[in-house]
1. Being more than 23 Å from residue 32 (Cα to Cα), of a type in the set (Lys, Arg) and surrounded by 16 or more Cβ atoms within 10 Å (Cβ to Cβ), is that true of even one residue in segment 184-195?
2. What pairs can you find where one residue is in segment 65-91 and more than 23 Å from residue 230 (Cα to Cα), the other is within 16 Å of the ligand (Cβ to nearest atom) and of a type in the set (Lys, Arg), and their Cβ atoms are less than 6 Å apart, with a gap of 6+ or different chains?
3. Within segment 42-56, track down each residue that is of a type in the set (Gly, Ala, Ser), within 21 Å of residue 17 (Cβ to Cβ) and over 17 Å from the mean Cα position of the chain (by Cα).
4. Would you mention how many residues in segment 74-89 are within 16 Å of the ligand (Cβ to nearest atom) and surrounded by fewer than 24 Cβ atoms within 10 Å (Cβ to Cβ)?
5. Here are some conditions: (1) under 18 Å from residue 210 (Cβ atoms); (2) within 16 Å of the ligand (Cβ to nearest atom); (3) surrounded by 21 or more Cβ atoms within 10 Å (Cβ to Cβ). Residue 169 meets all but one. Which one does it not meet?
6. Collect the residues in segment 2-18 that are touching a strand residue (DSSP E or B) at 6+ places or on another chain (Cβ under 6 Å) and buried (at least 24 other Cβ atoms within 10 Å of the Cβ), keeping them in residue-number order.
7. So residue 104 fits all but one of (1) away from the ligand (no atom under 11 Å from the Cβ); (2) crowded, with 19+ Cβ neighbours inside 10 Å; (3) at pLDDT below 95; (4) among the hydrophobic types (A, V, I, L, M, F, W, C); what number is the exception?
Amino acid sequence: MNFRYNKKPIGVFDSGIGGLTVLKQVMKLLPNENSIYLGDTARVPYGTKSQETVRRYTFQNIHFLLEKGIKILVIACNTATAHSLEIAKKTFPIPIIGVIEPGARAAVRVSKKKRVGVIGTFGTIESSVYNRAILSLDPKFKIFSKPCPLFVSLAEEGLTRGRIARTIADRYLTPLKQKRIDALVLGCTHYPLLKGTIQKSIGKSVKLIDSSIETAKAVKEVLKEKSLENKNSTGSYHHFFISDASSHFLRTAKLFLGKVIDDFVQVDL
Ligand code: DGL
C-alpha cells in the first residue's frame, strides 16, 4: 500500500449537479476519502444528446480530472455511463466505475419475480445498457423500461412531492405497474430526490433501487480490492469544479448534496 498515492482524491463527474447524489453517498460511506467533483453545468443535459456528443464530453471531463491526479474515477451520470463506460475503461489507465452495473446487480439481488423496471433519461433507456447488464447476470429476467425526462426538471425545481409530481409520476409509472414488476431501478442521478413520490405511485410492494447508494458500495469494494483506501483519517477535502456557475447551480446543489457548496471553481473544459 502506498500511503501517499492513496491520499489522492476520488474523481466524480456528472453532466451537472445530479451526480452530487452519488458523491453524497460516497462521502457518507467513505469519510476518509478526498474527492474532486466536476459538474459539466454548461452542457447539461446529456440525456437528450447523441452518443457521439456525450462521449466527447465524457472524455474531456475525464482528461480534466486525470490532470487533477485522481486515483479512481466515478462516472456519476447514467447517460455518460451508458454511452461511454466501456470505451473509457479501455482508454484510461485508472479504475473507472459507472452507475449502471451497481444498480443492475442490486436489481438482480432483490427481485424475486425476476421482473424489473428501469427508468432514466432518453439516452440511457435507448442505449439498453441496463437491459444488457441485468440479462448478463441472469438471462431469465424480464425488463421493462421507460424514459422519465420530466423527473429531472421536477428535482431541480424542488418539486419532488405534491400534486404535480404525483400526476407526472403516475403518467410515467402506470405502464410499469401494469407489468407487475417487483423492483424499479432509479437509473438517473436526479431520481433519488423523488423517491417518496415514485414509491407512492408505483406501490409499496415494488423495491426502489437507488443507483447512488449501490455505486458508493462499488467504489468501496474497488478501493479495497486494489488496496487504494485512504487510511489517513486526519480530515478529508472535497473540491468542486463546474463549467458554468449560474445561480441555478448554487440554488439546486444544496438539494442534491444536502449542504451548500460555496467554494466551487468555474473551469473551461
Ligand atoms: N445526469 C443525468 C443522468 O443521470 C441526468 C441529467 C442529464 O440529462 O444530463 O442520466
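1. Looking for residues that are more than 23 Å from residue 32 (Cα to Cα), of a type in the set (Lys, Arg) and surrounded by 16 or more Cβ atoms within 10 Å (Cβ to Cβ), one finds none in segment 184-195, hence no.
2. Listed pairs, sorted by first residue: 83/55; 84/55.
3. Answer for segment 42-56, where residues must be of a type in the set (Gly, Ala, Ser), within 21 Å of residue 17 (Cβ to Cβ) and over 17 Å from the mean Cα position of the chain (by Cα): just 42.
4. Qualifying residue count, segment 74-89: 2.
5. Just one mismatch for residue 169, condition (2).
6. Within segment 2-18, 10, 11, 12, 13, 14, 16, 17 qualify.
7. (3)
Yes/no matrix, rows are residues, columns are (1) free of Cβ contacts under 8 Å to residues at least 24 places away in the same chain; (2) within 25 Å of residue 255 (Cα to Cα):
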site	(1), (2)
128	yes, no
134	no, no
143	no, no
148	no, yes
170	no, yes
178	yes, no
190	no, yes
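The values are calculated or read from the model by the stated rules, or taken from the named source; none is laboratory data. On a predicted model such as this, the values are computed, not experimentally measured, just so you know. Note: ideal-geometry Cβ built from the backbone for every residue, glycine included; neighbour counts use all protein chains shown.
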